[in-house]
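The values are calculated or read from the model by the stated rules, or taken from the named source; none is laboratory data. The structure presented is a predicted model; accordingly, all values stated were derived computationally and were not measured. So basically every Cβ, Gly included, is an ideal-geometry build from the backbone, and we count neighbours across all protein chains shown.
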Ligand SMILES: C[S@@+](CC[C@H](N)C(=O)[O-])C[C@H]1O[C@@H](n2cnc3c(N)ncnc32)[C@H](O)[C@@H]1O
């Protein structure tokens, strides 16, 4: 995600997609097995980014755990090594809702490693949480000419992305099964597709794609660079999300306790409906899209950083102009899934 607080400032959409999973997380913390008396309880936050959306779930889990036993809690924030962990530690400590300010005898630490690899010792975690993260792929399975992402199987090249996403999801679950204590609980929130294959936000990068194509047409970006640009997310269906729990290798270790699904409210569109302020919608929408897409789209271009930044500025400014004139292109109806999982 974008470093330096940009993701934090524009993470309202991800936050509102995760709100409906709050009761599942509370239940997870009420039911999870705890380590032997006197030891700290471990809460793991997989794919934490810069912490804006970690404070609320951490507070839910800590409150529910403390209602059971007055024990120290260790919160482990996990993300990719290049994540901006400095901003994360500022957010959990210094923000008004920072959980380190709100609770005593709570410690925080970070692990900088892909969650498609082992990240913590076996049997270490009592309660796990992962929101808006496990639909990010471990790799781009195939080039995606003419598009910036393939969020669903209905997209161009969707089949290769679908296979990658199903493999990654099974791997994510198997690794978390290792890291959970027996009787531990894990809540995972991801974007999903409904029975018609709709995710509710498939159009969000279309305007940016047009802007990037204009950069290519103007000679500011090479077509090879454009061809390498992709946001590696993919959203699975209800059946695909549940499939690994029926596989012999995983079924003996993890069980699916509840699978909640909803169409998440769109906080940016709701604000626009109230105010009618196109400038504010265009700015908020572009900030949100930039917060999650700039590092993967522009970060790996082999250009000097100032040139990369200038190209990104041009593309996102064009997206903002487009949303000002066509606000309806910013409207989303995200299909979200939350899975409560237990370790046998
Ligand atoms: C959209 S952010 C969500 C952040 C936060 N959980 C939230 O709800 O706002 C997705 C996060 O997942 C992380 N992520 C993606 N792939 C990952 C991987 N393979 N290992 C660890 N983290 C990953 C990204 O680095 C990013 O910080």
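Observations, loosely collected:
- Test for residue 145: is it closer than 22 Å to residue 80 by Cβ and in contact with a helix residue (DSSP H, G or I) (Cβ under 7 Å, 6 or more places away or on another chain): no
- Any hit, segment 64-76, residues being farther than 16 Å from residue 180 by Cβ, within 12 Å of the ligand (Cβ to nearest atom) and crowded, with 18+ Cβ neighbours inside 10 Å: no
- Filtered residue count, segment 9-32, keeping only those that are modelled with pLDDT under 85 and either out of contact with any helix residue (DSSP H, G or I) (no Cβ under 6 Å at 6 or more places or on another chain) or surrounded by fewer than 17 Cβ atoms within 10 Å (Cβ to Cβ) (or both): 3
- Of all residues in segment 106-164, those being part of a loop (DSSP other than H, G, I, E, B) and more than 9 Å from the ligand (Cβ to nearest atom) number 25.
- Counted residues, segment 33-54 - those being touching a helix residue (DSSP H, G or I) at 6+ places or on another chain (Cβ under 8 Å) and either away from the ligand (no atom under 13 Å from the Cβ) or assigned to a helix (DSSP H, G or I) (or both): 3
- Pairs are defined by a Cβ separation below 7 Å, a sequence spacing of at least 6 or placement on different chains, a first member in segment 23-48 that is touching a residue at least 40 places away in the same chain (Cβ under 8 Å) and within 10 Å of residue 126 (Cα to Cα), and a second member that is within 16 Å of the ligand (Cβ to nearest atom) and assigned to a loop (DSSP other than H, G, I, E, B); the pairs so defined are 44/120.
- Per this entry, residue 21 is not counted among residues that are more than 21 Å from residue 135 (Cα to Cα) and within 16 Å of the ligand (Cβ to nearest atom).
- Selection over segment 245-269 of residues that are out of contact with any helix residue (DSSP H, G or I) (no Cβ under 9 Å at 6 or more places or on another chain) and within 21 Å of residue 201 (Cα to Cα) gives a count of 1.
- Residue selected from segment 77-91 under the condition assigned to a strand (DSSP E or B) and within 9 Å of the ligand (Cβ to nearest atom), by the criterion farthest from the chain's Cα centre (by Cα): 78
- In segment 95-105, the qualifying residues are those that are in contact with a strand residue (DSSP E or B) (Cβ under 8 Å, 6 or more places away or on another chain) and not in a loop (DSSP other than H, G, I, E, B), and the one that is nearest to residue 57 (Cα to Cα) is 99.
- In segment 201-228, the residues that are closer than 19 Å to residue 159 by Cα and either crowded, with 22+ Cβ neighbours inside 10 Å or within 16 Å of the ligand (Cβ to nearest atom) (or both): 201
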